[in-house]
Amino acid sequence: MNEFEVAEMQRKIDEGIFLAQERLVKRAKHDNLTLVIVRNGQVVEIPAEEL
């Protein structure tokens, strides 16, 4: 793989991760769920109404 192909693959991976995050937040809001994330090294629960 050349540098362009690697950069293109990384771009697609990044887009996929972003899309997955958007879908997760949308589902959490729809189903009134709590998301658990790591923020600044701390595990944090975020209720749906704060998303």
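List of remarks:
- Criterion: aromatic (Phe, Trp, Tyr), in a helix (DSSP H, G or I) and either surrounded by 11 or more Cβ atoms within 10 Å (Cβ to Cβ) or over 15 Å from the mean Cα position of the chain (by Cα) (or both) - qualifying residue of Phe18, Phe4: Phe4
- Residues of segment 5-39 that are modelled with pLDDT under 95 and of a type outside the set (D, E, K, R): Gln21, Leu24, Val25, Ala28, His30, Asn32, Leu33, Thr34, Leu35, Val36, Ile37, Val38.
- Scanning segment 24-51 for residues that are in a helix (DSSP H, G or I) and surrounded by 10 or more Cβ atoms within 10 Å (Cβ to Cβ) yields a count of 7.
- Selection from segment 21-38 of residues that are among the basic types (Lys, Arg) and more than 13 Å from the chain's Cα centre (by Cα): Lys29
The values are calculated or read from the model by the stated rules, or taken from the named source; none is laboratory data. Every value quoted in this text rests on a predicted model; they were computed, and no experiment measured them. A quick note on method: Cβ atoms are made from the backbone with ideal geometry, for glycine too, and the neighbour counts reach across all protein chains shown.
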